[in-house]
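The values are calculated or read from the model by the stated rules, or taken from the named source; none is laboratory data. Computed from a prediction, not measured in an experiment: that's the story for all the values here. Glycine also receives a Cβ, built like all others from the backbone with ideal geometry; neighbour counts cover every protein chain displayed. Protein only, heavy atoms only, side chains kept; ligands, DNA and RNA dropped before computing areas. Shrake-Rupley method; radii C 1.70, N 1.55, O 1.52, S 1.80 Å.
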Amino acid sequence: MVDHARLVVQGDDRPGIVSAVSGLVTELGGNIVSLAQATSDPSGGRFFQRTVFYLPDLATRLAEVQAAVDERLGQGLGMDARVVEARKRKRVAIFASKADHCLLDLLWRQRRDEIEMTVPMVISNHPTLGDDVRGFGIPFFHIPMTKENKPQVEAEQLKLLAGNVDLVVLARYMQVLSGDFLEQVGVPVINIHHSFLPAFMGANPYQRAKDRGVKLVGATAHYVTEDLDEGPIIEQDVTRASHEDSVKDLQRKGASVERGVLSRAVAWHCQDRVFRDGHTTVVL
């Protein structure tokens, strides 16, 4: 992906946006490799576009390209537009507790180059997964948390994250992030949870789901906001369940779905495919 850039544009839809983007890339000497776009309504809706283009000597011209984008698309058309150097991977910090399936799946995919990211650290409120994480050559920070020390713990977490990450992923991190943390972290946060919310909240949701005879087990990955588990949804999936499934079977199926949903959500974010628009998202 050397000399490849992603141009990410969103704003109020109007005629001429695609033409302006294509013309600008051409004037800069670039060649469009791929282009995806969507609109919520061709008359007064919202517009989203992700363009990948090749431009020789991109690294040395990045500031020039961004300035041209700001002038032509930002000032000229009122769009939010940014240029991302494709070869620069997102730095992703992972928060975890005791469950290992989502965490280890992300680390495995990163090692196999299936997700365009680096993982500078894993932070946990339990020591359980430390040896597994260190086996990937990734620093593991165990910071115990109680109700009494939560502000101090979050302050320590923020110090570790400051300037070192582009994204935080909650891989079954069984703590609720405070509003102060979300306000100060300065990067997006992605969470994963089972599909039984809000019907089966709290402890033992799979047992209660079994007791109610659920027929679908699924998962949701979303951006984190102060409204618990109500942030913009990135990805979801389900698998069938039946009366023959035990609670352990449901948990196994749920873990499998969670791994896939979270890995896709993180991969799409790292590829700049996810557009946040109010309470929803568009994935291109």
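One residue stands out among those in the range 178-192 that are free of Cβ contacts under 8 Å to residues at least 60 places away in the same chain and closer than 25 Å to Glu116 by Cβ: the one that is surrounded by the fewest Cβ atoms within 10 Å (Cβ to Cβ), which is Gly186.
Taking the listed residues Lys253, Lys248, the one that is open to solvent by 10 Å² or more (accessible area, probe 1.4 Å) and either under 19 Å from Met174 (Cα atoms) or touching a residue at least 12 places away in the same chain (Cβ under 8 Å) (or both) is Lys253, with no other qualifying. Scanning the range 257-284 for residues that are open to solvent by less than 40 Å² (accessible area, probe 1.4 Å), out of contact with any Asp or Glu (no Cβ under 8 Å at 6 or more places or on another chain) and β-branched (Val, Ile, Thr) yields Val266, Val274, Thr281, Val282.
Residue under question is Leu216, and the condition is that it be open to solvent by less than 30 Å² (accessible area, probe 1.4 Å), at pLDDT below 95 and not acidic (Asp, Glu); does it hold? So Leu216 fails the test. Based on what the data block shows, is Val9 of a type in the set (A, V, I, L, M) and open to solvent by less than 40 Å² (accessible area, probe 1.4 Å)? It is true that Val9 is of a type in the set (A, V, I, L, M) and open to solvent by less than 40 Å² (accessible area, probe 1.4 Å).
Among the residues making up the range 154-175, a single one is surrounded by fewer than 18 Cβ atoms within 10 Å (Cβ to Cβ), under 22 Å from Gly202 (Cβ atoms) and either among the aliphatic types (A, V, I, L, M) or outside the structural domain of Thr225 (by the TED database) (or both): Met174.
The residue that is surrounded by the most Cβ atoms within 10 Å (Cβ to Cβ), among those in the range 193-210 that are of a type in the set (Phe, Trp, Tyr) and within 9 Å of Gly254 (Cβ to Cβ), is Tyr206. Among the residues of the range 234-243, those that are assigned to a strand (DSSP E or B) and open to solvent by less than 60 Å² (accessible area, probe 1.4 Å) comprise Ile234, Glu235, Thr239.
Residues in the range 219-233: is at least one surrounded by 15 or more Cβ atoms within 10 Å (Cβ to Cβ) and under 22 Å from Thr128 (Cβ atoms)? Yes. Here is a check on your reading of the model: is Gly213 more than 16 Å from Val261 (Cα to Cα), part of a loop (DSSP other than H, G, I, E, B) and either free of Cβ contacts under 8 Å to residues at least 24 places away in the same chain or not assigned by the TED database to the domain that holds Arg276 (or both)? For Gly213, the condition - more than 16 Å from Val261 (Cα to Cα), part of a loop (DSSP other than H, G, I, E, B) and either free of Cβ contacts under 8 Å to residues at least 24 places away in the same chain or not assigned by the TED database to the domain that holds Arg276 (or both) - is not met. For Ile192, the stated conditions hold: it is in contact with a Leu (Cβ under 6 Å, 6 or more places away or on another chain) and either modelled with pLDDT of 95 or more or within 29 Å of Ser40 (Cα to Cα) (or both). The set of residues in the range 135-150 that are touching a residue at least 24 places away in the same chain (Cβ under 8 Å) and either farther than 24 Å from Leu106 by Cα or in contact with a Gly (Cβ under 6 Å, 6 or more places away or on another chain) (or both) contains only Lys150.
One line per residue, one yes/no per condition, for (1) over 29 Å from Gly11 (Cβ atoms); (2) modelled with pLDDT of 95 or more; (3) aromatic (Phe, Trp, Tyr); (4) within 17 Å of the chain's Cα centre (by Cα):
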site: Leu35; (1), (2), (3), (4): no, yes, no, no
site: Asp70; (1), (2), (3), (4): no, yes, no, no
site: Met79; (1), (2), (3), (4): no, yes, no, no
site: Ile94; (1), (2), (3), (4): yes, yes, no, yes
site: Leu107; (1), (2), (3), (4): yes, yes, no, yes
site: Arg111; (1), (2), (3), (4): yes, yes, no, no
site: Met117; (1), (2), (3), (4): no, yes, no, yes
site: Asp131; (1), (2), (3), (4): yes, yes, no, no
